[in-house]
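As structure tokens, the structure follows; a few thoughts come after it.
The values are calculated or read from the model by the stated rules, or taken from the named source; none is laboratory data. Not measured: the values here are computed from a predicted model. Counting neighbours? That spans all protein chains shown, and the Cβs are built from the backbone with ideal geometry, glycine included.
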Protein chains: 2
Amino acid sequence: MRNLTLLTDLYQLTMGYGFYKNGKHEEIVTFDLFFRRRELITYSIAAGLEQAMDYLLHWHFDEEDIAYLRGLNLFDEGFLQYLKEMRFTGDVYAVREGEPVFPGEPILTIKAPLIQAQFAETALLNIINHQTLIATKSSKITRATNGTGAVMEFGLRRAQGPDAGIYGARAAIIGGASSTSNVLAGQMFNIPVAGTMAHSFVMDYPTEYEAFRAYANAYPDSCMLLVDTYDTLRSGVPNAIKVFQELKAEGHTPKGIRLDSGDLAYLSKQARQMLDEAGFPEAKICVSGDLDERLINSLLQQGAKIDSWGIGTKLITSEDLPSLGGVYKLSSILNEDGTSTPKIKLSDNHAKITNPGFKDLYRLYDRETGMAGADLITLKEEVIDDSKPLTIFHPVETWKQHEVENFRVEKLQHTIVKDGQLVYTFPTLQEVQEFSKNQLSKFWEEYLRLDLPQLYKVDLSNGLHALKFGMIDNIRQTNAKKGKKYE
Amino acid sequence: MRNLTLLTDLYQLTMGYGFYKNGKHEEIVTFDLFFRRRELITYSIAAGLEQAMDYLLHWHFDEEDIAYLRGLNLFDEGFLQYLKEMRFTGDVYAVREGEPVFPGEPILTIKAPLIQAQFAETALLNIINHQTLIATKSSKITRATNGTGAVMEFGLRRAQGPDAGIYGARAAIIGGASSTSNVLAGQMFNIPVAGTMAHSFVMDYPTEYEAFRAYANAYPDSCMLLVDTYDTLRSGVPNAIKVFQELKAEGHTPKGIRLDSGDLAYLSKQARQMLDEAGFPEAKICVSGDLDERLINSLLQQGAKIDSWGIGTKLITSEDLPSLGGVYKLSSILNEDGTSTPKIKLSDNHAKITNPGFKDLYRLYDRETGMAGADLITLKEEVIDDSKPLTIFHPVETWKQHEVENFRVEKLQHTIVKDGQLVYTFPTLQEVQEFSKNQLSKFWEEYLRLDLPQLYKVDLSNGLHALKFGMIDNIRQTNAKKGKKYE
């Protein structure tokens, strides 16, 4: 395993040194990781927790790391020794991988000594931002196929480096993809691997027929022939049919064809008809080439005959939105006397004001329909009693309150790490995929659709609402009292 | 070092098996790696060669890999044994890292046994696509700053996984960035690391002044204070000035401030004036927050007073174009008798028709100005004589020819690997950056500007032009003669 401990921003270390020199580094604090609202994000599928915890629970500055840091001339020896012995000793609460989540929700909350909590920021964000981004895109794409066929993740060559391909494939599975072309990801995460042939295979033979025949010799029962190297309908499909007929005569069952260019709606309909007429109604048609959720929608609307979808660049890079606005913010300091000092970050942009305090996250389900109605951010100590009506508060627009009744409450944050020890068993990737699909099925389509979805409510509890707006009022009054230009 | 050998698409292995079963796997072939023309790509900065060669020259299927592949039930034992012993034994020709390159140019050409050349595709594309993408974005961003100050790469938390952060930082340096916040990248590639403080540091103290003072205690001579946590001009800058005055009195030289939100043009001008008036004209103003080449242009047009630029998400993800259209295509089969069979991929989309043959790449410089005038793709055996006028041909629009004279020719492809052995010494990252800057300075601004740049010519030599259009004519005539619907 690579030692990724130094996968951090320099300022995490210089701030750590600042805390250390001022004797604050072991204060116990809480931080929340959450996504800011952005265009194109209606819901997200949380992913990356397992790798994030892998990082957190294995960090260690080895001799080489300490020597490198020493060479920067930014830290004293005492601090370097402190780092050398530093391990993660805190607690982590997080939503499970595969959980549908919404902007503003604390999808991971950490409670740890300040220096550790601060140091964890960069890698946690890097890993969770990335996998959540791709799982979300995969979910949108998979939902767009509307059950017509499996989604195969084909993007490795266009991924932003090896890890983007490897962990991107993992995240794509969480979001609903069935397989990946990435052999290393297949090996690492026990994901089904898939693939057919490339144009170069066809080009390497004098004729298309000879290429197909050669591939069929190697894979008589699983050959998926790429038919668009020269001329799809006049050469590719007829040559594939010829080879399929030979295979059939030899007692094999041909698998199908792949279309990688041209108009996939027209070509798939024509190819389907040709295959059916030739006696191969069971031969599959796989398509690929710059597909995303919108093009898939559009092809299906036009009656395209497609049995499986190979999705490359636009999934593995989340092309229309290549990053999530994940942030990680200090929410409180837990004092030694058992009290706590909540922390809030103000901003002229009201949506950027953070939610203070050590918090928790719940989902409220309607008891009649079983469907999700709203999520609720609370203070950790608050108890949500689902036997009576509850008032919930809009996080920014303070005049908006809402009373819910006849609901069932479900806690979304789970304890993952306690005192530096993993206390959670990570499910298999297939279990995560299944869980995600099941959780998503509890949301009305109105919340999930691509264009102008209904906004799903993420509200504040009574306690959190009172704390947050109390703090804002307090700061406003202090500022007004001072009434001076410079503090 | 991680064994990334299986970082490949499954079809590279199934095709390899197809070649093997049909006795074609050791045919010697040539492949080219090149970028297709895309909107937003005017020029690119080639990057990633060192890591790509690292992959190529270290590939080996270890026991675990073979066991995994065996478990897929796709390959016979003979083939698995063949893979186990397979090492790269071919040649690689490539442009140097940092070289400005243009769509359609073979930036890497490989000559190797078919099974190896095919197998290399996925990882070469993954690594070179990614680093070239980020080096290109970094070049655009760095050029936009117009010498006003250093560019610091700050994007790790929003990168698409660890490698995207690590190798993205490396590529950012090639494109012109001065430093990175990424400590691991700093350690791995000897890149200067940079960083200041985060809002959470400020929030962790009762007052902003106390936070600044604490940081200044740790770094009296290098403190760059983040002044926008509460109110930039009424609190942040005045508190920074107060601490700077204390530091000055103690004999230190304060470094400067960072602005991370709000209107950076207005705030930087105001902050500059306040710092100057307080006697700190040498204090730097660093800005960050969703910057890219266009916003930088715009801020500078408005007279923003900025000394350094922290660039995050939009650089590390190349947000407006998160992938390059890099492809890798078979160009010829080298026969045992010394002849070769050139290969071409046709397409209804004329820009997707490949250039056949084992090729080379040259740049023509005007002898008078020293500036680049055109690039020329040739057949490997062609000799370009720059002592007399030369006719060059548009790669697609066949009626466009162009005569060049009084030029100097420079070969762009260099021999990197010969018979599986590295024969090239990789320069340091700083040398690559310097080389890139120098090469770019030989292009007229007209070719490089962001909006509607003049198209730089990438033409074909006489020999390549004749080969390509001869092959196209030939195929057309064959098809016409057949005159039948199905082949």
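Do you know which of the residues in region B:50-104 that are surrounded by fewer than 17 Cβ atoms within 10 Å (Cβ to Cβ) and assigned to a loop (DSSP other than H, G, I, E, B) is nearest to the other protein chains (Cβ to nearest Cβ)?
Filtering region B:50-104 for residues that are surrounded by fewer than 17 Cβ atoms within 10 Å (Cβ to Cβ) and assigned to a loop (DSSP other than H, G, I, E, B), the one nearest to the other protein chains (Cβ to nearest Cβ) comes out as B:Leu72.
If I ask for residues that are free of Cβ contacts under 8 Å to residues at least 12 places away in the same chain and either at positive phi or polar (S, T, N, Q) (or both), which ones from region A:182-206 would you list?
The answer is A:Gln187, A:Ser200.
Taking region B:321-356 as the region of interest, how many residues are in a loop (DSSP other than H, G, I, E, B), closer than 19 Å to B:Asp91 by Cβ and within 13 Å of chain A (Cβ to nearest Cβ)?
Residues meeting the conditions: 3.
Can you say whether A:Ser387 is within 13 Å of another protein chain (Cβ to nearest Cβ), free of Cβ contacts under 8 Å to residues at least 24 places away in the same chain and part of a loop (DSSP other than H, G, I, E, B), as far as the supplied structure shows? Quick ask: steps written out before the conclusion?
Working: within 13 Å of another protein chain (Cβ to nearest Cβ): no; free of Cβ contacts under 8 Å to residues at least 24 places away in the same chain: yes; part of a loop (DSSP other than H, G, I, E, B): yes.
Taking the combined requirement at face value, the residue does not satisfy it.
Taking the options B:Arg363, B:Arg408, name whichever one is of a type in the set (Lys, Arg), part of a strand (DSSP E or B) and surrounded by 14 or more Cβ atoms within 10 Å (Cβ to Cβ).
It is B:Arg363.
How about region B:194-224: which of its residues are closer than 19 Å to A:Asp9 by Cα and in a loop (DSSP other than H, G, I, E, B)?
B:Ala194, B:Gly195, B:Thr196, B:Met197, B:Ala198, B:Asp204, B:Tyr219, B:Ser222, B:Cys223
Regarding region B:177-194, can at least one residue be identified that is crowded, with 24+ Cβ neighbours inside 10 Å, more than 25 Å from A:Phe34 (Cα to Cα), within 10 Å of another protein chain (Cβ to nearest Cβ) and among the β-branched types (Val, Ile, Thr)?
The answer is yes; a qualifying residue exists.
Picking from B:Glu446, B:Glu434, B:Glu410, B:Glu382, which residue would you name as being charged (D, E, K, R) and farther than 24 Å from B:Gly98 by Cβ? Steps first, please.
On the way: B:Glu446 fails: farther than 24 Å from B:Gly98 by Cβ; B:Glu434 fails: farther than 24 Å from B:Gly98 by Cβ; B:Glu410 fails: farther than 24 Å from B:Gly98 by Cβ.
Exactly one of B:Glu446, B:Glu434, B:Glu410, B:Glu382 is charged (D, E, K, R) and farther than 24 Å from B:Gly98 by Cβ, namely B:Glu382.
Against the condition polar (S, T, N, Q), assigned by TED's automatic domain parsing to the domain that holds B:Ala112, farther than 30 Å from B:Ala172 by Cα and out of contact with any helix residue (DSSP H, G or I) (no Cβ under 9 Å at 6 or more places or on another chain), how does B:Asn22 come out, does it pass? Spell out how you get there, then give the answer.
Numbers: polar (S, T, N, Q): yes; assigned by TED's automatic domain parsing to the domain that holds B:Ala112: yes; farther than 30 Å from B:Ala172 by Cα: yes; out of contact with any helix residue (DSSP H, G or I) (no Cβ under 9 Å at 6 or more places or on another chain): no.
Here the answer is no, as B:Asn22 does not meet what is asked.
When you scan region A:210-262, how many residues do you find that are surrounded by fewer than 17 Cβ atoms within 10 Å (Cβ to Cβ), facing chain B (nearest Cβ under 9 Å) and touching a Gly at 6+ places or on another chain (Cβ under 9 Å)?
Going through region A:210-262 one residue at a time, the tally reaches 1.
Give the residues of region B:8-49 that are more than 25 Å from B:Ile344 (Cα to Cα) and within 12 Å of chain A (Cβ to nearest Cβ), sorted by residue number.
Residues satisfying the conditions are B:Ala47, B:Gly48.
Is it true that A:Ser318 is of a type in the set (Gly, Ala, Ser), crowded, with 18+ Cβ neighbours inside 10 Å, assigned to a loop (DSSP other than H, G, I, E, B) and out of contact with any His (no Cβ under 6 Å at 6 or more places or on another chain)?
yes
Quick check on my filter: what residues within region A:346-366 are at pLDDT 95 or above and out of contact with any helix residue (DSSP H, G or I) (no Cβ under 8 Å at 6 or more places or on another chain)?
A:Phe358, A:Asp360, A:Leu361, A:Tyr362, A:Arg363, A:Leu364, A:Tyr365, A:Asp366
From (1) of a type in the set (D, E, K, R); (2) assigned to a loop (DSSP other than H, G, I, E, B); (3) exposed (fewer than 12 other Cβ atoms within 10 Å of the Cβ), pick out the condition that doesn't hold for B:Glu382.
(3)
Of all the residues that make up region B:138-176, how many are of a type in the set (Val, Ile, Thr) and within 14 Å of another protein chain (Cβ to nearest Cβ)?
1
Suppose we filter region A:1-48 for residues that are touching a residue at least 60 places away in the same chain (Cβ under 8 Å), part of a loop (DSSP other than H, G, I, E, B) and more than 29 Å from the chain's Cα centre (by Cα); how many remain?
Matching residues across region A:1-48 total 4.
Checking B:Asn438 against (1) in contact (Cβ under 8 Å) with a residue 12 or more places away in the chain; (2) assigned to a helix (DSSP H, G or I), only one condition comes out false. Which one?
Evaluating B:Asn438 over (1) in contact (Cβ under 8 Å) with a residue 12 or more places away in the chain; (2) assigned to a helix (DSSP H, G or I) leaves (1) as the failure.
Please indicate, with yes or no, whether at least one residue in region B:182-190 is touching an Asp or Glu at 6+ places or on another chain (Cβ under 6 Å) and under 30 Å from B:Asn239 (Cβ atoms).
Within region B:182-190, none of the residues are touching an Asp or Glu at 6+ places or on another chain (Cβ under 6 Å) and under 30 Å from B:Asn239 (Cβ atoms).
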